[in-house]
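This report refers to the structure that appears directly beneath it.
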Amino acid sequence: MENCIFCKIANGEIPAATLYEDGDFRVILDLGPASKGHALILPKAHAANIYELPDELAGKAMILAKKMAGKMTEALQCDGFNIVQNNGETAGQTVFHFHMHLIPRYKGDGVGLTWTPGTLSDEDREEILEKVKA
Ligand code: AMP
Ligand code: ZN
């Protein structure tokens with residue numbers, strides 16, 4: 001994909017602080033980190049979002065996320081770990097090349113990834129079950 005910054009970073013055309021690289025992925029430090037060690041898993045092949053991501057890469061990305069979470073938790077001595085993945089502007093996606101955020105968490109770090117819980121109404125439950133359940 002021309003003009004996709006994460007294509008260029010993932011494929012080494014633009015330098016980035018790389019924590020890990022293999023034939024399918026590059027893991028880099030986020031330039032606007034939510035916390036110390038915030039990193040991004042970038043597939044080398046372009047997919048705009050999870051809807052476009054091939055199943056095989058989706059599986060490999062999750063295995064890599066698990067590996068990085070273990071390694072980073074040990075190395076950075078963080079107290080917890082968030083894995084975040086945004087799809088679409090409404091969901092907070094700003095770079096339209098699939099990526100997974102690896103966010104180490106530290107007690108009292110104030111990183112705002114929480115929401116105010118609502119209530120699951122009977123109507124919503126029935127509607128969603130009818131529409132989504134396979
Ligand atoms: P999202 O909002 O889920 O699309 O996340 C995009 C992330 O990419 C943000 O956390 C940015 O800080 C990060 N980012 C944008 N450009 C770069 C870059 N050139 N190098 C590293 N991280 C970047
Ligand atoms: Zn791309």
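Some notes on this structure:
- Note on the stretch 103-120: residues that are touching a strand residue (DSSP E or B) at 6+ places or on another chain (Cβ under 7 Å) and not hydrophobic (A, V, I, L, M, F, W, C) amount to 2.
- Annotation note: Cβ proximity below 7 Å between a residue of the stretch 48-67 that is of a type in the set (Val, Ile, Thr) and a residue that is surrounded by 13 or more Cβ atoms within 10 Å (Cβ to Cβ) and assigned to a loop (DSSP other than H, G, I, E, B) (sequence gap 6+ or interchain) occurs for ILE50/GLN85; ILE50/ASN87; ILE50/PHE98.
- Subset of the stretch 11-22 [part of a strand (DSSP E or B) and free of Cβ contacts under 8 Å to residues at least 24 places away in the same chain]: THR18, GLU21
- Checked across the stretch 12-33, the condition of being touching a Pro at 6+ places or on another chain (Cβ under 8 Å) and within 16 Å of ligand 2 (Cβ to nearest atom) holds for at least one residue.
- Residues in the stretch 65-102 that are near ligand 1 (Cβ under 10 Å from one of its atoms), out of contact with any strand residue (DSSP E or B) (no Cβ under 7 Å at 6 or more places or on another chain) and of a type in the set (A, V, I, L, M, F, W, C): ALA91, VAL95, PHE96.
- Sub-8 Å Cβ pairs linking a first residue in the stretch 107-134 that is under 30 Å from PRO33 (Cβ atoms) to a second residue that is acidic (Asp, Glu) and at pLDDT 95 or above, at least 6 apart or interchain, are LYS107/ASP79, ordered by first then second residue.
- The one condition from (1) under 23 Å from GLY12 (Cα atoms); (2) within 16 Å of ligand 2 (Cβ to nearest atom) that MET68 does not meet is (2).
- For the stretch 8-17, the candidate set comprises residues that are within 11 Å of ligand 1 (Cβ to nearest atom) and surrounded by fewer than 18 Cβ atoms within 10 Å (Cβ to Cβ); within that set, the residue that is nearest to ASN87 (Cα to Cα) is LYS8.
- Checklist (1) more than 20 Å from ILE9 (Cβ to Cβ); (2) without any contact (Cβ under 8 Å) to a residue 40 or more places away in the chain; (3) of a type in the set (Gly, Ala, Ser) applied to SER35, failing item: (2)
The values are calculated or read from the model by the stated rules, or taken from the named source; none is laboratory data. This is a predicted model, so every value here is computed, not measured. Virtual Cβ from ideal backbone geometry, glycine too; neighbours counted across all protein chains shown.
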